[in-house]
Every structure is written in C-alpha cells, then in structure tokens.
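For reference, the structure is listed below as structure tokens.
What follows draws every value from the coordinates through simple rules; no lab data is involved. Every value quoted in this text rests on a predicted model; they were computed, and no experiment measured them. Because the Cβ atoms are built from the backbone with ideal geometry, glycine has one as well, and the counts that use them run over all protein chains shown.
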Amino acid sequence: MIEDLIELAHTQGVVCETSVGPDGCDEYVLACADGVTTVRLWVRPDGRFSRAHGNAGWLSLGQVMAVCGLSYAARTSAAPAA
C-alpha cells in the first residue's frame, strides 16, 4: 500500500521533498490539496509505513490520501481491454 501511495504521489506531482531521517526512515513532504499546507510521511527502512503528520496531527494512510487529494481513479491503465 505505501509503495502505491508514494508512486501515486510522484505521478500526481504531490511530492515536494524527500530525505532520509536520522532514524533511517525515508521522509516525504507531500503537498495538500489546499495548496498551502503539507504532510510529512515517513517510510521505514523495511518499506513499511511508519507515520504521517499534518496540520491536524497524526494521520493514517487514508487520511493522507484525502488531504493530499490523491486518487487511484486518476490513474490511467496501460493494459489493453480484453
């Protein structure tokens, strides 16, 4: 799930900044849909979701998707129709 969210965020131009924290977690700064605020999201070295924090406090992955305006519906499929 977290890999998909990060890929989706990159595809939709939501990732503002990336870095590696002192705890070894990858840190992503994501733009929120309001165009003003950001969400910080951390991914553990083993590739699992660590935590996310925004203006409203700690967030779940679903909340991150909502406040950043991320949607799987915006993805286009390259697979041909059967």
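Some notes on this structure:
- About its Cα centre, the chain has a charge dipole of approximately 160 debye under the convention of +1 per Lys or Arg Cβ and -1 per Asp or Glu Cβ, with nothing else charged.
- The simple spin-label model puts a point 7 Å past each Cα toward its Cβ; for Thr18 and Asp46 those points are separated by 2.2 nm.
- For the chain, the Stokes-Einstein estimate of translational diffusion at 10 °C and a viscosity of 1.306 mPa s comes to 120 µm²/s, using the Kirkwood hydrodynamic radius over alpha-carbon pairs.
- Residue-by-residue Karplus 3J(HN,Hα) for the range 8-13, coefficients 6.51, -1.76, 1.60, Hz, glycine and proline x: 4, 4, 5, 4, 8, x
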